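Inspection log for the structure reproduced underneath, given as structure tokens.
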Amino acid sequence: MKCRVCRGPAIIDLPRHNANFCAEHLQQLCRRQVEKAISDHSMIERGQRVLVAVSGGKDSLALWDMLVELGYEADGLYIALGIGDYSDQSREYTERFASERGLNLRVVSLRDDYGFDVPTASAATRRVPCSACGLTKRHLFDSAALEGAYDVVATGHNLDDEAAVLLGNTLHWDVEYLARQLPVLPARPGFPKKVKPLVRLTERETAAWCIVRNIDYIVEECPMAAGNRHLGYKDTLNRLEARSPGTKASFYLNFIERMAPLIADQRLSESGQLSRCSQCGAPTTEAVCAFCTLVSKSAAHAPVPVELLSRSGRKGKGA
Ligand code: Q46
Ligand code: ZN
Ligand code: ZN
């Protein structure tokens, strides 16, 4: 097996590119795909400060590594969600990555800083765990970005994630969600700009990046994700991809290029009438925002062990 570029020994075959690559040219390919995503969608300008949402998994650590390598000023934010051993280990991987590279990492602990964790919030609010978790993460990333005067929040959603969400939205013809499924969300009053620079890379490619770059990451998935629909869509797409390499990329990237512009006017109005939360100042349609409501219910609830809830998670990444 020879590298397509240098004809040296290859370490990975990528059927969607109909080629094999050595470690050096795999990195070149990944860098080019990320640079293309950033420039095609005007994600980050030179000199802007980026806050990377890091979870300790391969995608977010690869993203942080690539952004720094590409010369962006990128700090990390890790949220300790209190999901048992999974959270403890993912925090260790994240902290080790940051300290070995001398990068700035901010850690927010739901239990220490807000008096609750995701399993308890799920029980206290009767939301599925990923809903309570997603709401919490969105709020904390938004507020940390605004407080720290970051220009952009970057998340590690990859091609597999986005294609799976697209498949779900398409199967339900959820036009409003389809119209919003873009790799960039512009800043709005009270909300930072959000970008997904890995949308042109598969998870196999981000995992390979981590291996060749000596990045140790948590391999286990969040226990709350087990059996969710998102994983089912990924599995379906993987089977299509195995039969016809390139299907996943063409499904998602052609949607973004050809279809999304045609349905752009179906986007839900997100500006609406927003006031400020009386407790935290975040934009909200109510007197108190959904996050502050969740905090007050969850912090008053007795802690719920993760084992009680780990089978009820419904949604993975994208929450
Ligand atoms: S961490 Fe949170 Fe994910 Fe776990 S509880 Fe769900 S949303 S699956 S990316
Ligand atoms: Zn090569
Ligand atoms: Zn609030």
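The values are calculated or read from the model by the stated rules, or taken from the named source; none is laboratory data. Model, not experiment: these values are computed from the prediction. Using ideal geometry, Cβ is built from the backbone for each residue, glycine included, and neighbour counts are taken over all protein chains shown. Areas reflect the complete protein model, heavy atoms only, side chains present, ligands, DNA and RNA absent. Shrake-Rupley method; radii C 1.70, N 1.55, O 1.52, S 1.80 Å.
Hey, among the residues in the range 14-35 that are in a helix (DSSP H, G or I) and open to solvent by less than 10 Å² (accessible area, probe 1.4 Å), which one's nearest to A74 (Cα to Cα)?
Per the stated criteria, the residue is V34.
Could you grab me the full set of residues in the range 206-228 that are closer than 24 Å to I11 by Cα and of a type in the set (A, V, I, L, M)?
Passing the criteria: A207, A208, I211, V212, I215, I218, V219.
Taking the criterion of being small (G, A, S), part of a helix (DSSP H, G or I), open to solvent by 20 Å² or more (accessible area, probe 1.4 Å) and farther than 15 Å from S60 by Cβ, would at least one residue in the range 137-145 satisfy it?
Yes, the range 137-145 contains a residue that is small (G, A, S), part of a helix (DSSP H, G or I), open to solvent by 20 Å² or more (accessible area, probe 1.4 Å) and farther than 15 Å from S60 by Cβ.
Which of the residues belonging to the range 112-126 are under 19 Å from D142 (Cα atoms), more than 19 Å from the chain's Cα centre (by Cα) and part of a helix (DSSP H, G or I)?
Result: D113, Y114.
Matching residues to (1) of a type in the set (K, R); (2) within 16 Å of ligand 2 (Cβ to nearest atom); (3) more than 25 Å from P183 (Cβ to Cβ):
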| site | (1), (2), (3) |
| --- | --- |
| I11 | no, yes, yes |
| A19 | no, yes, no |
| K36 | yes, no, no |
| R46 | yes, no, no |
| K58 | yes, no, no |
| A62 | no, no, no |
| D75 | no, no, no |
| D88 | no, no, yes |
| T94 | no, no, no |
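Could you check the range 89-106 and list, in sequence order, the residues that are among the basic types (K, R), part of a helix (DSSP H, G or I) and free of Cβ contacts under 8 Å to residues at least 60 places away in the same chain?
Hits for the range 89-106 are R91, R101.
Can you say whether G84 is on the phi > 0 side of the Ramachandran plot, more than 23 Å from the chain's Cα centre (by Cα) and more than 16 Å from ligand 2 (Cβ to nearest atom), as far as the supplied structure shows?
no
Among K234, K248, which is of a type in the set (K, R), open to solvent by less than 40 Å² (accessible area, probe 1.4 Å), over 30 Å from D88 (Cα atoms) and in contact with a helix residue (DSSP H, G or I) (Cβ under 8 Å, 6 or more places away or on another chain)?
Checking each option against the conditions leaves just K248.
Where the second residue is within 16 Å of ligand 3 (Cβ to nearest atom) and open to solvent by 10 Å² or more (accessible area, probe 1.4 Å) and the first is within 21 Å of A187 (Cα to Cα) and in contact (Cβ under 8 Å) with a residue 40 or more places away in the chain and lies in the range 47-66, which pairs have Cβ atoms under 6 Å and are six or more apart or on separate chains?
A53/F141
From the list I44, I79, I38, exactly one residue is part of a strand (DSSP E or B) and at pLDDT 95 or above. Which is it?
Only one candidate qualifies: I79.
What pairs come up if the first residue lies in the range 238-250 and is part of a helix (DSSP H, G or I), the second is open to solvent by 60 Å² or more (accessible area, probe 1.4 Å), and their beta carbons are under 7 Å apart, counting only those six or more places apart or on different chains?
So the pair list comes out as T247/L240.
Of the residues that sit in the range 252-273 and are closer than 25 Å to P189 by Cα and either within 16 Å of ligand 1 (Cβ to nearest atom) or open to solvent by 70 Å² or more (accessible area, probe 1.4 Å) (or both), which one is modelled with the lowest pLDDT?
Among residues in the range 252-273 that are closer than 25 Å to P189 by Cα and either within 16 Å of ligand 1 (Cβ to nearest atom) or open to solvent by 70 Å² or more (accessible area, probe 1.4 Å) (or both), the one modelled with the lowest pLDDT is S271.
Hey, among S99, S131, S109, which residue is at pLDDT below 95 and either within 15 Å of ligand 1 (Cβ to nearest atom) or surrounded by fewer than 16 Cβ atoms within 10 Å (Cβ to Cβ) (or both)?
S131
Restricting the search to the range 188-222, which residues are modelled with pLDDT of 95 or more, open to solvent by 40 Å² or more (accessible area, probe 1.4 Å) and assigned to a loop (DSSP other than H, G, I, E, B)?
Matches in the range 188-222: K196, R200, R213, N214, D216, Y217, V219.
Looking at (1) within 16 Å of ligand 1 (Cβ to nearest atom); (2) open to solvent by 60 Å² or more (accessible area, probe 1.4 Å); (3) part of a loop (DSSP other than H, G, I, E, B), which is the one condition that is false for H157?
Against the list (1) within 16 Å of ligand 1 (Cβ to nearest atom); (2) open to solvent by 60 Å² or more (accessible area, probe 1.4 Å); (3) part of a loop (DSSP other than H, G, I, E, B), H157 comes up short only on (2).
Residues of the range 47-74 being open to solvent by less than 20 Å² (accessible area, probe 1.4 Å) and in a strand (DSSP E or B), which ones?
V50, L51, V52, A53, V54, A74
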